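Asks: One structure is given below, represented as structure tokens, and several questions about it will come after.
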């Protein structure tokens, strides 16, 4: 906990020096400060990700899966991921699992930071939320998923410009690493269209219908994801209670949207898109609560909240109201970060305790011995 808290504080402090919405010409002081701060943030986050070992719920599964990819075994991972893993192993000359995690950590963090810098009204506030909501630390677990999650955040620029062909092509490439990302094509496009009042009723009705027809929906889901059939994911606790943290997060964001609707949402196309996505997320978390790993679909809709919250804050002109918003956002971020830290060691996340191969060669040897034993 201490390490993650320190990393969060250090990188947030560095992010405060970045001014991403100022027009900077030439090698000005701010231009150089942006570069240095961004480089520092990226290096810290990348090193923490690359130096980890057996951190993340799926770490060992990814190691075993990478071995199967290399030796031509049967895997359920997508072709793009398989190709990258095989290329990295061939270039290394051996099954270099550390390089695989480092590579995907590098690309994931780069895309997230690029999306935040280019698309947020305040890099510092968005980055604070990126850390406080645990998005960065959770990327230690489901490597492929968080790569495509970063891509979906980046792809929103094309949705906002209504460049749907470019958007679909980007998502299609991302699907080569995690096919669940295909769900954002219809969802993001629907959210980008104008909504009449009656459409909100349709969204609510669809959520109810999804739950009422859950047996049929589950069968369709298992046809799309046959690897989930007869697994623990179908027997472990699911339901609305598992989605309470995400729903409370949505409730906070929707409250901000309603309080500042006229000045921040009504005539702002970017904020309106993210507002609709939050409403869609509520429908997914409630109507689809019976689905295993429903959070994967929900996260595609709520991650853009790290862009929405600064977008709301920046458009508020009343000084007193803006100050209250700032303290509300800060308090929410702190509470959520503390909640994340206390749940980070639980099964399904398991990003605590943090271990590094840099100072723990014995731990890495144990993993290699386990793999050798399993492959006899």
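Asks: I'd like to check something: does segment 76-87 contain any residue that is under 15 Å from the mean Cα position of the chain (by Cα), touching a residue at least 40 places away in the same chain (Cβ under 8 Å) and farther than 28 Å from residue 358 by Cα?
Replies: no
Asks: Could you check, for segment 13-25, whether at least one of its residues is more than 16 Å from residue 118 (Cα to Cα) and at pLDDT below 90?
Replies: yes
Asks: Given the criteria more than 22 Å from residue 340 (Cβ to Cβ), in contact with a helix residue (DSSP H, G or I) (Cβ under 8 Å, 6 or more places away or on another chain) and either touching a residue at least 12 places away in the same chain (Cβ under 8 Å) or surrounded by fewer than 16 Cβ atoms within 10 Å (Cβ to Cβ) (or both), does residue 36 qualify?
Replies: When the stated conditions are applied, residue 36 does not pass them.
Asks: Does residue 310 satisfy the condition of being crowded, with 20+ Cβ neighbours inside 10 Å and either within 18 Å of the chain's Cα centre (by Cα) or closer than 21 Å to residue 183 by Cα (or both)?
Replies: Against the criterion (crowded, with 20+ Cβ neighbours inside 10 Å and either within 18 Å of the chain's Cα centre (by Cα) or closer than 21 Å to residue 183 by Cα (or both)), residue 310 qualifies.
Yes/no matrix, rows are residues, columns are (1) more than 21 Å from residue 333 (Cα to Cα); (2) assigned to a helix (DSSP H, G or I); (3) within 14 Å of the chain's Cα centre (by Cα):
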position: 103; (1), (2), (3): yes, yes, no
position: 108; (1), (2), (3): yes, yes, yes
position: 111; (1), (2), (3): yes, yes, yes
position: 115; (1), (2), (3): no, yes, yes
position: 118; (1), (2), (3): yes, yes, no
position: 126; (1), (2), (3): no, yes, yes
position: 136; (1), (2), (3): no, yes, yes
position: 140; (1), (2), (3): no, no, yes
position: 144; (1), (2), (3): yes, yes, yes
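Asks: What pairs come out if I take residues in segment 265-281 that are at pLDDT 95 or above and pair them with residues that are part of a loop (DSSP other than H, G, I, E, B) whose C-beta lies under 7 Å away, six or more apart or interchain?
Replies: As it stands, the answer is 274/304; 276/195; 277/304, since those pairs meet every condition given.
Asks: Just one of 336, 285 is touching a residue at least 12 places away in the same chain (Cβ under 8 Å), closer than 30 Å to residue 206 by Cα and crowded, with 22+ Cβ neighbours inside 10 Å; which is it?
Replies: After applying the criteria, what remains is 285.
To keep it simple, each residue is scored yes or no on (1) in a helix (DSSP H, G or I); (2) under 23 Å from residue 173 (Cα atoms).
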residue	(1), (2)
45	yes, no
49	yes, no
55	no, no
63	yes, no
66	yes, yes
73	no, no
83	yes, yes
88	yes, yes
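Asks: Can I ask one more? Residue pairs, Cβ under 7 Å, 6 or more apart or interchain, first in segment 135-153 and free of Cβ contacts under 8 Å to residues at least 60 places away in the same chain, second part of a loop (DSSP other than H, G, I, E, B) and surrounded by 23 or more Cβ atoms within 10 Å (Cβ to Cβ). List them.
Replies: Filtered contacts from segment 135-153: 146/139; 147/177; 148/177.
Asks: Residue under question is residue 168, and the condition is that it be at pLDDT below 95 and out of contact with any strand residue (DSSP E or B) (no Cβ under 8 Å at 6 or more places or on another chain); does it hold?
Replies: So residue 168 does not fit the description; no.
The values are calculated or read from the model by the stated rules, or taken from the named source; none is laboratory data. What you see is a predicted model; the values in this text were computed from it and never measured. Cβ coordinates were reconstructed from backbone atoms using ideal geometry, including for glycine residues, and neighbour counts include every protein chain displayed.
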